Amino acid sequence: MKKIVISSLVVLAFVAYVLRSRFGGDQTATPTSNAAATNVVLGTPPVTYKDGTYTGSVADAFYGNIQVKAIITGAKITDVQFLQYPSDRSNSVRINTVAMPLLRQEALQVQTANVQTITGATASSGAFVQSLQSALSQAQV
Amino acid sequence: MMGMPITIEGVDNNACFSDIDQAFAYFDYVDHTFSTYKPQSEISCINRGELKLEDAGDDMQTIFRLAEQTKQATHGFFDIHHGDSVDPSGIVKGWAIEQVSQLLQRLEWKNFTVEAGGDIAVVGHFSGTTPWKVGVRHPFEIEKIVKVLSISNLGVATSGTYLRGHHIYNPRNGDVVVADIASLTVIGPNIYEADRFATAAFAMGSQGIQFIENLAGFEGYMIDSHGTATLTTGFDHYCLPS
């Protein structure tokens, strides 16, 4: 019975891996790779862009789609606007900022420990990157 | 659920394939019932006015009731009603993970995790008396983790994106248009509770962490767009030392 359990884990982990790969795109073959797209978000695109407005592909996030429009001015990304965004992560509600409570703060510190699972909003950010990358590929000179 | 990675990990000897099939079939059912992106889903029929809530299934009525409770509990920051339409996705994911967690426990699973899109139900222990280790993903460098949580019998959910409003946060050149929240991780008594309060508190912006602080039985870890984290007073209790 133990053997069956271990096998099922491998299969599931593979399914998750495939889905994640699909989200981020193929790391080697397509321009929508997670690594390349992250570089774009971080602001060091290795290419020049034509001025204009470019609509990205619709990318699948949790329960909903993300689609963005990139605006290029002076060969740089000057704005990215949402055409579609899952409403459960909507930013439409805001309240005024008042003094922060006295909660402890710390700088982020990267950890190296092995973990069994990870929490984080990966799918929606991955979908964003995918849609933006497809918009920018149209803008490349 | 299509497009959303789901991982079930069990370490019990009695776990078997058919249990996992049941769990994934349940996620499929949830997706087909509650996805606003499927024209044939019950929620889409409700939104088109073809189905009245009172004629919908029990689960739909449960979700509407839970959503209303959550709206009250979060001073209106959580609301599934958007104009004329209803989108319950902010509450359905955590609820569905919790349902699957309970399903597996009925099937005698005792030590397992169910993770869907970064939200996790953690049940029992990873090994013996060793709790499960859950990483908190770095909001700007998605291959890295910034915290290691050691937990059992709790839920962990994270709300967040790279982005606020229409602007990109650019960590390299400091081109920050809106100083705001990048991610908010919430630990709660189960994944349903953690997810709904993470979603609502994230919508509160920088106030969200104080909301979690004031919520009994919950802890939170907020990362702002400058890469500074704010912790609720009991959060450290769940963290392994770096």
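The values are calculated or read from the model by the stated rules, or taken from the named source; none is laboratory data. The structure displayed is predicted, hence computed values, not measured ones. Ideal geometry is used to build each Cβ from the backbone, glycine not excepted, and the neighbour counts take in all protein chains shown. These area figures cover heavy atoms from the full protein model, side chains too; ligands, DNA and RNA do not enter into them. Shrake-Rupley method; radii C 1.70, N 1.55, O 1.52, S 1.80 Å.
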Revision key, fill the gap. B:Val123: passes all of (1) at the interface with chain A (Cβ under 7 Å from one of its Cβ atoms); (2) open to solvent by less than 40 Å² (accessible area, probe 1.4 Å) but (1)
Review point. Within segment A:112-140, can you find the residues that are closer than 25 Å to B:Gly94 by Cβ, polar (S, T, N, Q) and modelled with pLDDT of 80 or more?
Key: A:Gln116, A:Thr117, A:Thr119
Check your understanding: Within segment B:72-88, is even one residue open to solvent by 10 Å² or more (accessible area, probe 1.4 Å), more than 10 Å from chain A (Cβ to nearest Cβ) and under 20 Å from B:Ile20 (Cα atoms)?
Key -> no
Check your understanding: Restricting attention to segment B:225-241, which residues are within 9 Å of chain A (Cβ to nearest Cβ) and either open to solvent by 10 Å² or more (accessible area, probe 1.4 Å) or touching a residue at least 40 places away in the same chain (Cβ under 8 Å) (or both)?
Key -> B:Gly227, B:Thr228, B:Ala229, B:Thr233, B:Phe235, B:Asp236, B:Leu240
Check your understanding: Based on what the data block shows, is B:Phe64 open to solvent by 30 Å² or more (accessible area, probe 1.4 Å), hydrophobic (A, V, I, L, M, F, W, C) and at pLDDT 95 or above?
Key -> yes
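When you go through B:Ile80, B:Ile97 one by one, which is the residue that is under 18 Å from B:Asp28 (Cβ atoms) and in contact with a strand residue (DSSP E or B) (Cβ under 6 Å, 6 or more places away or on another chain)?
When all the criteria are applied, what remains is B:Ile97.
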**Study point:** Boolean, B:Leu104 is more than 10 Å from chain A (Cβ to nearest Cβ), under 22 Å from B:Arg196 (Cα atoms) and either surrounded by fewer than 14 Cβ atoms within 10 Å (Cβ to Cβ) or at pLDDT below 95 (or both)
**Key:** no
